[in-house]
Amino acid sequence: MKVSFDNTEIAFAHKSDYELKKGYWLFKMVSNPLLVKLGKYSVNFALALRIPIGWALKKNIFAQFCGGETIQDCAATTKVLDQLKVGTILDYSVEGKDRVEDLERTTQEIIETVNTGNDNQHIPFCVFKITGVARFGLLQKVNEGTALSVDEQAEFAAVKERVDRIAKRAFDTGTPVFIDAEESWIQDAIDDLTHDLMANYNKASVIVYNTAQMYRHDRLAFLQKAFAEAQDKGYHYGVKLVRGAYMEKERDRAEEMGYPSPIQPNKAASDRDFDLALELCLQHIDHVALVAGSHNEESALKLIDLMTRHNVEPQDKRVYFAQLFGMSDHISFNLSHAGYNVAKYVPYGPIKEVIPYLIRRAQENTSVKGQTGRELSLIVKELARRKQS
Ligand SMILES: Cc1cc2nc3c(=O)[nH]c(=O)nc-3n(C[C@H](O)[C@H](O)[C@H](O)COP(=O)(O)OP(=O)(O)OC[C@H]3O[C@@H](n4cnc5c(N)ncnc54)[C@H](O)[C@@H]3O)c2cc1C
C-alpha cells in the first residue's frame, strides 16, 4: 500500500484547534536556539531556588511531550493513541540517579509499567535505560574492564539482579521490553547485560530488545556479529534501530580526550547505515524482530519498501515503527492508518525529574532544523484546511 505523510487531517485528528495553535508556538519557541539556552538555564535556576514553576511547565512543554506524572495520568493519552491504532510505550523518564534507594525505586516503577502492559493490549512494549537502574560510574568501570572492588562486584551483581527482575516480569507477562542505547563509553556494558538477558528470555520469541545507534560507524558490523551469535546460541535477536541522541557529547568527549570519534563522518553516512541496518534485519527476519525508532520519512518509506520486497505483512509483529509522543504525528498516524504497527514513547514522571528529557527534546528540535520546520508547516497546513472546511 502506498503511504503518504502529507495527510494532516489524519495526522492531527486528535488535536483541537487550540492544541494545534499551542503546539505551533511551542515549536516556534524551541526552534530558537537562544530561547532554548535561556530556558534551560532559567528552569534549572528556578528549580535550584525552589521557585514553583511546575504549573507553567506542565501546561506547555510537558503537555506536548509527556503523558503525565504517573502511569495513571497516562491512561488518557493511551486511550487517544489507541483510537488512532497506535500503541503506547510507557517511558519512566527519571535520569541521573546514583543512590541505591533511587535505583531500586526506578526498578519497581519500570516493573509497574510492565504490569500495566500486561493488563492492557494497547501497550505493546515497555522501555528502560540501564542508567535508570545502575550507577553511571560503575557501568563505565565495567565498560573499561577495570577490576572492580569487592563492594563494586556486589553492586554490579545487584544491577544484574535488577535487570533480570524486569526482563523476567516482561517474559512472564509477555510484554516485550526495549533497553535504550546510551553513551558509547558505557554501551559495551549495556550490550553485554542485554545479550545475557536475550540468551535467557528470547528463546521462543523476542522479549528483550537491544538498541543500535547507527550514527556510530561500528554498529553495522556489531549487528552482523550479534545476529550470528544469537543464531549460534539459539535465541532471537530484538533490535530497536535509531540514529542516536548524543552526537555532540560523543564528538566533544572524543576530541577532549584525544581518541577517534565513534560517530560517522557525516549525516549521509548515518542515513546509509540506518538503511543498511533495516535491510540486514529484513534479511534475517526469521530470527530478528525490528523496531525503527525514527522521525525520518525516507527511513519509514524505505522500511515499507523492504517489507514488501521480503513479503512481510504490515501487521507482522516482528516489525514496528516508533516515534516519540508529541513529535512526527504525521508519520505515526498515517502509518497506522495504512495498517502498519506503530507505537509511541510516552514519557512520564514527576515534572522536576523529567526536565533533562524535556531539555533534550527542546535541544533536538533546535538542532534538527528540518524537523521543527516540518512540524510548523504541517500545523499551519492543517489549521488552514480546517478553516476552509
Ligand atoms: C522511538 C524512539 C526511540 C529512541 N531511542 C533512542 C535510544 O535508545 N538511544 C538514542 O541514542 N536515541 C534514541 N532515540 C533518538 C534518536 O536516536 C534520534 O536522535 C532522533 O530520533 C532523530 O533521528 P531520526 O532518525 O528521527 O532522523 P533525522 O532527523 O533524519 O536524523 C537526525 C539524526 O541524525 C544523526 N546526525 C545528524 N547530523 C549528523 C552528522 N553530521 N553526522 C552524523 N550523524 C548525524 C544524529 O543521530 C541526529 O539525531 C530514539 C528515537 C525514537 C523515535
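The values are calculated or read from the model by the stated rules, or taken from the named source; none is laboratory data. For clarity, every value in this text was computed on a predicted model and none was experimentally measured. Here the Cβ is made from the backbone with ideal geometry for all residues, glycine too, and neighbour counts use every protein chain on show. Accessible surface is based on the protein model in full, side chains and every heavy atom, while ligands, DNA and RNA are left aside. Shrake-Rupley method; radii C 1.70, N 1.55, O 1.52, S 1.80 Å.
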Task: Test for R216: is it at pLDDT 95 or above and touching a Pro at 6+ places or on another chain (Cβ under 6 Å) - done: yes
- [ ] Consider I89 carefully, then state whether it is of a type in the set (V, I, T) and open to solvent by 10 Å² or more (accessible area, probe 1.4 Å).
- [x] no
- [ ] Name the single residue, out of those in the range 257-271 being of a type in the set (G, A, S) and more than 7 Å from the ligand (Cβ to nearest atom), that is surrounded by the most Cβ atoms within 10 Å (Cβ to Cβ).
- [x] S261
TODO: Please list, ordered by first then second residue, the pairs with beta carbon atoms under 8 Å, 6 or more apart or interchain, first in the range 294-315 and of a type in the set (D, E, K, R), second buried (at least 19 other Cβ atoms within 10 Å of the Cβ) and assigned to a loop (DSSP other than H, G, I, E, B).
DONE: E297/F5
Open item on the list: So, M247, is that one in the same structural domain as D196 (by TED's automatic domain parsing), away from the ligand (no atom under 14 Å from the Cβ) and free of Cβ contacts under 8 Å to residues at least 60 places away in the same chain or not?
Closed with: no
Task: Verdict on G96 being open to solvent by 10 Å² or more (accessible area, probe 1.4 Å), of a type outside the set (D, E) and modelled with pLDDT under 95 - done: yes
- [ ] Considering only the range 272-389, give the helices (runs of 4 or more DSSP H) lying wholly within it that have at least 2 residues that are more than 21 Å from Y209 (Cα to Cα) and open to solvent by 40 Å² or more (accessible area, probe 1.4 Å).
- [x] 297-309, 351-367, 369-388
Open item on the list: When you scan the range 153-164, do you find a residue that is within 16 Å of the ligand (Cβ to nearest atom), touching a residue at least 40 places away in the same chain (Cβ under 8 Å) and closer than 18 Å to V133 by Cα, even just one?
Closed with: no
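Residue-by-condition table, conditions (1) farther than 23 Å from T113 by Cα; (2) within 15 Å of the ligand (Cβ to nearest atom); (3) at pLDDT 95 or above:
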{"residue": "R309", "(1), (2), (3)": "yes, no, yes"}
{"residue": "G326", "(1), (2), (3)": "no, yes, no"}
{"residue": "V346", "(1), (2), (3)": "no, yes, yes"}
{"residue": "I355", "(1), (2), (3)": "no, no, no"}
{"residue": "A362", "(1), (2), (3)": "yes, yes, no"}
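Residue by residue, here is whether (1) among the aromatic types (F, W, Y); (2) within 13 Å of the ligand (Cβ to nearest atom) holds:
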position: A170; (1), (2): no, no
position: V177; (1), (2): no, yes
position: D180; (1), (2): no, yes
position: E183; (1), (2): no, yes
position: Y209; (1), (2): yes, yes
position: Q213; (1), (2): no, yes
Open item on the list: Contact list please: Cβ distance under 6 Å, first residue in the range 129-141 and on the phi < 0 side of the Ramachandran plot, second residue at pLDDT below 95 and open to solvent by 10 Å² or more (accessible area, probe 1.4 Å), pairs at least six apart or on different chains.
Closed with: R135/D98
